[in-house]
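Notes for the one structure printed next.
Any read-out appearing in this document is the output of simple, stated calculations on the displayed coordinates, not a laboratory observation. If you're wondering where the values come from, they're calculated on a predicted model, not measured in any experiment. Backbone-built Cβ (ideal geometry, glycine too); neighbour counts: all protein chains shown.
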């Protein structure tokens, strides 16, 4: 089951949103510079690719930290995997789905943009 609702926002860890936004803006400047033009469709694809690929990291991290995080009451209250809103199978499926779709969209913008997104994963 792929989750395209409010769970993705919870998994995105709000404290990382500013860092993610700054990273995306820097990557966007690199992409516009390498393409030599500003194309709204490419910017939209870049944004979607970046967001999806980056969210796969959060699912993966939650899977890897599951045993440690389940001992922390606060993390159990905010992380969907720990409080049963999603299963480990869902988290693993979402990790693969978001990374594949995100990378495909990122590479469709430009090789450089896709390579940077891949390196960030």
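Separation of region 24-54 from region 65-82 is 33 Å, based on Cα centroids. Report summary: the helix-based calculation at 222 nm, which adds -39500 (n - 2.57) for every DSSP H run with n ≥ 4 and divides by the residues of the chain, gives -24000 deg cm²/dmol.
The GNM of the chain, with springs linking C-alpha atoms under 10 angstrom apart, assigns the highest mean-square fluctuation among 62, 90, 39 to 39. Once the Cα atoms are used to define both axes, helix 17-35 deviates from the longest principal axis of the chain by about 20 degrees. Apply the a/c threshold of 1.5 to the C-alpha gyration tensor of region 6-120 and tell me whether it is rounded, prolate or oblate. Prolate shape, in that a/c is at least 1.5 and a/b is the bigger ratio. Note on residue 34 and residue 101: with the Förster distance fixed at 22 Å, the Cβ-Cβ geometry gives a FRET efficiency of about 0.45. In percent, rounded to a whole number, the relative contact order of region 6-120 is 36, using alpha-carbon pairs under 8 Å and six or more apart. Compared with the dominant principal axis of the Cα atoms in the chain, helix 111-120 is inclined by about 20°.
Helix 88-109 and the longest principal axis of the C-alpha atoms of the chain enclose an angle of approximately 10°.
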